[in-house]
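The values are calculated or read from the model by the stated rules, or taken from the named source; none is laboratory data. Being a predicted model, the structure only gives us computed values, none of them experimental. Every residue, glycine among them, receives a Cβ derived from its backbone with ideal geometry; neighbour counts consider all protein chains shown. In case anyone asks, the SASA skips ligands and DNA or RNA and just uses the protein heavy atoms, side chains included. Shrake-Rupley method; radii C 1.70, N 1.55, O 1.52, S 1.80 Å.
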Amino acid sequence: MATLIGYHSAVQASSTFDRWWQCNGAWVEPLNQRRDGESGVQLLHPRNPSYPALYSKRQTGHLYRCLRHPLGRPTIMRELEAYRAFARLGISVPKIVYGAARKHEGDWQALLITQALPGFISLEQWYAVERSAEHVTVMLTALANTLARLHHGRWQHGCCYAKHIFVKVSSNDGAPPAAEIALLDLEKSRRRWRAGNASRHDMRQLRRHSGAMPDGDWSLLMETYAALMRP
């Protein structure tokens, strides 16, 4: 017997979970062993090419523990809560197609199915190519706004690496470029009592894991971010 928690009715839950669990694709993040289990991400291509590709995060075990869940709970469930909270703050995140966890034959299994972000690339990939000064400024301003919005909401990303920040810069009909920022991989995200605590943790982490971002770009990001964080 499987006990399932998620966003679907009990009648449909088990068969829906099984259907998604049986979907397989290429591993884009191979299974890693930690947190009393394993976790990895597969890319699922739809049969209809007009539909967006999906990412399937699959976990067996892979638990976190807290006062509410001292015996452990799949990190995907914490990530689902963070996705919903970030969206309420007006922060772009991948669209959730399905998310649930179940206790199956004594072991936790969990799934998070999200849509790919068309036109977005990671901040790591962004800095792999030379960009115009105008595009860099627009992107860094959008990133500063996103991080300030997150931290004013007292949310901490918790894994604020360049590879988890996605960027899309576009220009239409000669208009000035516009940038969009999306955040993902939120399984370590949590609410903090103070905005300053969330800010210090994430910005120190991003500085250590900012990839090929030049020092001048980091200075511009911090200058813009600091102005937005002032009371």
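Here are the numbers for this structure:
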{"quantity": "Leading residue by the ranking (least open to solvent (accessible area, probe 1.4 Å)) among those in segment 197-231 that are under 15 Å from ALA148 (Cα atoms), among the charged types (D, E, K, R) and part of a helix (DSSP H, G or I)", "calculated": "ASP202"}
{"quantity": "Qualifying residue in segment 53-62 (condition: among the aliphatic types (A, V, I, L, M), touching a residue at least 60 places away in the same chain (Cβ under 8 Å), in a helix (DSSP H, G or I) and within 19 Å of ALA100 (Cα to Cα))", "calculated": "no"}
{"quantity": "Any hit, segment 55-71, residues being open to solvent by 60 Å² or more (accessible area, probe 1.4 Å), within 24 Å of VAL28 (Cα to Cα) and not β-branched (Val, Ile, Thr)", "calculated": "yes"}
{"quantity": "Single residue of segment 12-38 satisfying the filter (small (Gly, Ala, Ser) and touching a residue at least 40 places away in the same chain (Cβ under 8 Å)) that is surrounded by the most Cβ atoms within 10 Å (Cβ to Cβ)", "calculated": "GLY37"}
{"quantity": "Cβ-Cβ under 6 Å pairs, at least 6 apart or on other chains, segment 209-231 side within 25 Å of ARG194 (Cβ to Cβ), far side open to solvent by 40 Å² or more (accessible area, probe 1.4 Å)", "calculated": "HIS209/TYR161; THR224/THR141"}
{"quantity": "Counted residues, segment 50-63 - those being of a type in the set (Phe, Trp, Tyr) and under 17 Å from the mean Cα position of the chain (by Cα)", "calculated": "1"}
{"quantity": "Residue check, GLU187 within 20 Å of MET213 (Cβ to Cβ) and among the charged types (D, E, K, R)", "calculated": "no"}
